[in-house]
Structure formats: structure tokens, C-alpha cells
Amino acid sequence: MNKYIVAVFIFVPYFNSEACSMNECQVGYFSDSLTEFNETLFERAHNWSNGFPFSNRWEEGAINFSDNGMKIELSDSEQSNEKYKYRSGELRSRHFYGHGCFSIEMKPIASPGVITSFFLFAGKHDKYEGSNAQHNEIDIEFLGKHTKAVQFNFWTNDDDYSSNNAVLIPLDFDASQDFHRYAISWSKDKIQWFVDGEMRHEVKQTTENPIPNMDDTRLKIMANVWPVDEKLSSWAGKMNALNQPLNGTYRNISYQPESSCGTKK
């Protein structure tokens, strides 16, 4: 993939977060089943849109909880005078987090043109007092056209989205058919990505291509589902007309010590 295409595979949440004190940014480890909405830990994006390459608006009603976990629904429910045809949801942590293991169990949507994601993010509109307010991000994302692979990516102080770090990792299963555990271990010296406790990709800190630095910013935990603008169909596939709502399903989200990422289910 060329630099331009990779550069637009971004999550740029235009969501104004209140600055947090350093104590609020240094919250402790947690584990949440996602069977109900935990307002202490999370919030839901509502009534706004990212713009290109997203073809949807965010609505809090697109995220629902049950004994089976959290569902993020993608539908083509239209509103009058609404620019974006599709409706979907984004879960966002209220706090910013430092080094550790960020994990979740999920089943992505298997449909061309749809992205199902779990990622860490900070930027111009997601910042706190003391952060550098630049774009830092670490991703786990599924392309709906091919759910037998998972894409990992990261950006560091990259407001121009000029870096090219995306890798597509083949899986020996169809991720859309059952829950599997996906995790990001973020430390000072490296980022590691895990699938079911097995490390599948690693990048190390280098001067030439640095990883996000906790001294610059801590990161929010996010999960979302979104339809990709058809101009990027060569990456994500062409979006089909929806005959019914599509759901990405998540459960058992956690933030734990870095070493826990390699623990088998």
C-alpha cells in the first residue's frame, strides 16, 4: 500500500475532551466484561462525524450491552438534513492510560467496506494538560472484506499522517465466526500485538521510526465500527447496501500489566 492510502486509515475523533489532571491520567488497571455500560470508565461518541474517510455519523444508541457483551451496530438509518447515510458507534475511555497490556475479545463484521477496530489514541481533540496534543495511535483493526487477517498499525507524533507502519497478519481462523482475544502491549521500548496470547507482531523503539512515548502523551482506549468511503475501496472493499444492521461484538476489555498480554486464554 502506498503512503497516501495508509495515511488516511486513521481515526481522528473530533471530540473535545476536558483536560485531566495528572492523577486522572494515571488511573489504575481494570477489567470490564462489557455486559453493561460502565460510565466510570467509558463514554459513547454522539451526534457528530469524523468526515472522510468515514461515511457515518456517531450515535450513542448504536452501542448496546447485554449478557453476551457489547454490540456496535452499523445501519443505514438516515436522518433529515444529515450528510452521512450510515449510523454507527464509538466507545471511548474517559481516561488516558500509560504503558501496559490493552486487551479485548471481539468478533468483527465480515462485510466489504466495513472496519471493526480496537485502538489507543490521542491527538489535537483528545488531550489533557501536559500532553503534546499530537496524533499518537496504536491500532488493531479488521477489514470486513477479509476477516481471516488482522491489521496492526501505529503513528507517533504524526499530525501529517505520513508514516507507513501498517501490516496485515494472516490468521488460521475467520475472526468473524467466534470470539478471540486481541491485545496490545505498549512499553517504553516496544509495541507488541497478540492474538489469543501469542505475539504476532513487534516493533521496537528506534530513532528513525519511534513508537509513541508516554512522556509525550498517554492514550485513550477506543473501539468503533465504521464504513469506509468508496474512494478507498481498494483497501477495505466496496461497501454493499445494507439489508439489515451489522454488528461488531466485544467483551472482556482490560488494562493490565504488560506481561499479561502473553497469558493464554
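The values are calculated or read from the model by the stated rules, or taken from the named source; none is laboratory data. Predicted model only: the values in this text are computed from it and were never measured. FYI the Cβ positions are ideal-geometry reconstructions off the backbone, even for glycines, and counts take in every protein chain you see. Side chains included, ligands, DNA and RNA excluded: accessible areas come from the protein's heavy atoms. Shrake-Rupley method; radii C 1.70, N 1.55, O 1.52, S 1.80 Å.
Per-structure values
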item	result
Flag for residue 71 being at pLDDT 95 or above and either among the charged types (D, E, K, R) or not in a strand (DSSP E or B) (or both)	yes
Number of the condition not met by residue 199 [criteria: (1) in a loop (DSSP other than H, G, I, E, B); (2) within 21 Å of residue 138 (Cβ to Cβ); (3) open to solvent by 70 Å² or more (accessible area, probe 1.4 Å); (4) touching a residue at least 60 places away in the same chain (Cβ under 8 Å)]	(1)
Filter result for residue 131 (crowded, with 17+ Cβ neighbours inside 10 Å, at pLDDT below 95, out of contact with any helix residue (DSSP H, G or I) (no Cβ under 6 Å at 6 or more places or on another chain) and not β-branched (Val, Ile, Thr))	yes
Of the criteria (1) surrounded by fewer than 21 Cβ atoms within 10 Å (Cβ to Cβ); (2) touching a Ser or Thr at 6+ places or on another chain (Cβ under 8 Å); (3) of a type in the set (D, E, K, R), which one residue 124 fails	(2)
Condition met for residue 107 (buried (at least 22 other Cβ atoms within 10 Å of the Cβ) and of a type in the set (Lys, Arg))	yes
Members of segment 133-159 that are among the β-branched types (Val, Ile, Thr) and touching a Phe, Trp or Tyr at 6+ places or on another chain (Cβ under 8 Å)	138, 140, 150
Looking only at segment 167-178, and only at residues there that are touching a residue at least 60 places away in the same chain (Cβ under 8 Å) and either open to solvent by 20 Å² or more (accessible area, probe 1.4 Å) or in a strand (DSSP E or B) (or both), the one that is farthest from residue 72 (Cα to Cα)	174
Residues that are under 17 Å from the mean Cα position of the chain (by Cα), surrounded by fewer than 18 Cβ atoms within 10 Å (Cβ to Cβ) and not in a strand (DSSP E or B), drawn from segment 145-164	161
So residue 183, is it of a type in the set (Gly, Ala, Ser), touching a helix residue (DSSP H, G or I) at 6+ places or on another chain (Cβ under 9 Å) and crowded, with 18+ Cβ neighbours inside 10 Å	yes
